[in-house]
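Presented below is the structure to which this report refers.
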Amino acid sequence: MKLSKTFPEIGILEKDPSKLKIAIVKAKFNYDITEEMETIAIIRLKELGIKNISSYEVPGSYEIPYACKKISKKYDAIIAIGCIIQGETDHYKFISENASIGIQKVSIEEEIPIIFAVLTVNNHKQATDRIQNAVTYAENAVEMACNF
């Protein structure tokens, strides 16, 4: 099945996207960013024919890998949405690294595509400038779930 989109083509899909079950795990920290990213991702998933979408909230990006692990057997793909903005301490570095490594570990161990939609930015403006990337994260989830 070939899907087209407003941007470049998503490509040939080996499975019917309407049969997929996709989850979103969203950090509540920096909620103004993550909430909008979730909304955009859901809209795009629906445009791509996804009918079964579930959303989960966790306190922050550090908790995303645990939630992904707990739900991984129920879904064909997961989109992990978070926003980590650098502050004055090293906290940003530890949260960013552990969220990234944790998400990758769960994805490989559970053999499920988990799309890394955790923004790691220097300031709020950089985060708001990247909210629309949620369109691509949704497309990546569909492509990975259909083809792998």
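The numbers here are math on the coordinates, done by the rules we state, and not lab data. In this text, all values refer to a predicted model and were calculated from it rather than measured experimentally. Ideal geometry is used to build each Cβ from the backbone, glycine not excepted, and the neighbour counts take in all protein chains shown.
Only loop residues by DSSP count here, and only those with at most 14 other Cβ atoms within 10 Å; note down the GluC sites (Glu not before Pro) in region 55-148 that meet that.
Here the GluC sites (Glu not before Pro) that fit, given the DSSP loop and packing criteria, are GLU88, GLU111.
Apply the Karplus parameterisation 6.51 cos²θ - 1.76 cosθ + 1.60, with θ equal to phi minus 60°, to every residue of region 67-73 and state each ³J(HN,Hα) to the nearest whole Hz, in sequence, with x for glycine and proline.
4, 4, 4, 5, 9, 4, 6
Which lysines, if any, have their Cα less than 21 Å from the Cα of LYS73, not counting same-chain residues under 8 positions apart?
LYS15, LYS19, LYS21, LYS26, LYS51, LYS105
Scan around GLN86 for amide H atoms under 5 Å from its own, H built in the peptide plane at 1.01 Å from N, and keep only partners 5 or more places away or cross-chain.
Correct list: VAL121, ASN122, ASN123.
Amide H neighbours of ILE24 under 5 Å, counting only residues 5+ apart in sequence or on other chains, H built in-plane at 1.01 Å?
SER54, SER55, TYR56, ILE79
Hey, how many Å between the Cα centroid of region 47-106 and the Cα centroid of region 111-148?
10 Å
Restrict the search to region 94-148; then list the trypsin sites (Lys or Arg not before Pro) that DSSP places in a loop and that have at most 16 other Cβ atoms within 10 Å of their Cβ.
In loop regions of region 94-148 (DSSP not H, G, I, E or B), the sparsely surrounded trypsin sites (Lys or Arg not before Pro) are ARG130.
Given a Förster distance of 30 Å, report the FRET efficiency between ILE43 and LYS74 from their Cβ-Cβ distance, rounded to the nearest 0.05.
Computed FRET efficiency for ILE43 and LYS74: 0.85.
Counting only C-alpha contacts under 8 Å and six or more residues apart, can you give the relative contact order of region 6-144 as a whole percent?
Value for region 6-144: 31 percent.
To the nearest µm²/s, what D does Stokes-Einstein give for region 24-148 at 25 °C and 0.890 mPa s, using the Kirkwood radius over alpha carbon pairs as Rh?
Estimated diffusion coefficient is 172 µm²/s.
Mind checking which of ILE33, ILE12, ILE78 has the largest fluctuation in a GNM of the chain, springs on alpha carbons under 10 Å?
Highest fluctuation among the options: ILE12.
Calculate the all-directions average of the projected area of region 55-97's alpha-carbon convex hull, and give it in nm².
For region 55-97, averaging the hull's shadow over all directions gives 3.3 nm².
Sum -39500 (n - 2.57) across every DSSP H segment of at least 4 residues in the chain, then divide by the residue count to get the 222 nm mean residue ellipticity, nearest 500.
The per-residue figure over the chain is -14000 deg cm²/dmol.
Tell me, in nm to one decimal, what length is gained between TYR31 and ASN98 on full extension, where the rule is 0.36 nm per residue of separation less the Cα-Cα distance?
22.1 nm
So for region 31-78, taking the charge dipole from beta-carbon charges (+1 Lys/Arg, -1 Asp/Glu), which of ILE42, ILE64, TYR75 sits furthest toward the positive end?
TYR75
Please report, in debye to the nearest 20, how large the charge dipole of region 61-114 is about its Cα centre when each Lys and Arg carries +1 at its beta carbon and each Asp and Glu carries -1 there.
Around 200 debye, computed over region 61-114.
Dipole of the chain (Lys/Arg Cβ +1, Asp/Glu Cβ -1, origin at the Cα centre): which of ILE108, PHE29, SER54 lies farthest to the positive side?
Farthest towards the positive end: SER54.
Mind running the shape call on region 82-143? Use the C-alpha gyration tensor, a ≥ b ≥ c as the square roots of the eigenvalues: rounded below 1.5 for a/c, prolate if a/b tops b/c, oblate otherwise.
Taking the square roots of the gyration eigenvalues as a ≥ b ≥ c, region 82-143 is oblate.
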